[in-house]
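Okay, so here's the structure we're looking at.
The values are calculated or read from the model by the stated rules, or taken from the named source; none is laboratory data. Just so it is clear, the model here is predicted, and its values are computed rather than measured. Backbone-built Cβ (ideal geometry, glycine too); neighbour counts: all protein chains shown.
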């Protein structure tokens, strides 16, 4: 069944603040409030209309009603968490429910407000959310650079990097890979340059950032195989 819902677009400056609420008066109220604060605002009357919108490449946040005509706010949160990690979520509700609030907060919601809400509290929450979005986008950009650097490592350099990060000495790495210590040093020097790691500590930080993004922490072989596909 297709659910018809309105979409309203307002011009403004970045960051972007998205509002999804079934109540037109709430959407308009939030639009006015947010635009006066200097942010770009885009509002939707249902979840699917918002979710079908192209992803933005600027700091942003979402204000979402927990009860929508097509999906619940929690359903929207699940989808946002899956592919828009740099978009923090603020919930609003007509009828507060402890269980829903707890689930939303555990899943990463920044705030959960009951209507009618305090304008200053909403604006403070949006500022906080945009700060989070900025940090998340910066981290994503940094991760992309690391992934690009890792992609140019040879398979042997990746093996050496894994073992270096695990704390093995050059001689131990040579034994593990059945190569000479001199060869290990050569691979280690090249991978340090390619990863633009200035120190061992710097390399470890970068490696663990890649591991965390790939979903692996202690299994070196699995992580290497995963990272090769980045």
*asked:* Please list, ordered by residue number, the helices (runs of 4 or more DSSP H) wholly in region 152-230 having 1 or more residues that are modelled with pLDDT under 90 and out of contact with any helix residue (DSSP H, G or I) (no Cβ under 7 Å at 6 or more places or on another chain).
replied: 200-214, 220-227
*asked:* Can you find, within region 102-125, the residue that is surrounded by the most Cβ atoms within 10 Å (Cβ to Cβ) among those that are within 22 Å of the chain's Cα centre (by Cα) and not in a helix (DSSP H, G or I)?
replied: 109
*Looking only at region 62-79, which residues are over 19 Å from residue 125 (Cα atoms) and assigned to a strand (DSSP E or B)?*
67, 72
*For region 7-19, indicate whether the set of residues that are at pLDDT below 95, within 20 Å of residue 111 (Cβ to Cβ) and part of a helix (DSSP H, G or I) is non-empty.*
no
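Here are 26, 56, 20: which of them is touching a helix residue (DSSP H, G or I) at 6+ places or on another chain (Cβ under 9 Å) and assigned by TED's automatic domain parsing to the domain that holds residue 95?
Only one candidate qualifies: 20.
Of the residues in region 99-129, how many are closer than 24 Å to residue 75 by Cβ and either in contact with a helix residue (DSSP H, G or I) (Cβ under 8 Å, 6 or more places away or on another chain) or in contact (Cβ under 8 Å) with a residue 60 or more places away in the chain (or both)?
14
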*Which one of the conditions (1) surrounded by 14 or more Cβ atoms within 10 Å (Cβ to Cβ); (2) under 25 Å from the mean Cα position of the chain (by Cα); (3) modelled with pLDDT of 90 or more does residue 84 fail to meet, given that it meets all the rest?*
(3)
*For residue 90, are the conditions met, namely being surrounded by 15 or more Cβ atoms within 10 Å (Cβ to Cβ), at pLDDT 95 or above and touching a helix residue (DSSP H, G or I) at 6+ places or on another chain (Cβ under 6 Å)?*
yes
*Name the residues in region 34-52 that are without any contact (Cβ under 8 Å) to a residue 24 or more places away in the chain and either closer than 21 Å to residue 107 by Cα or part of a loop (DSSP other than H, G, I, E, B) (or both), would you?*
52
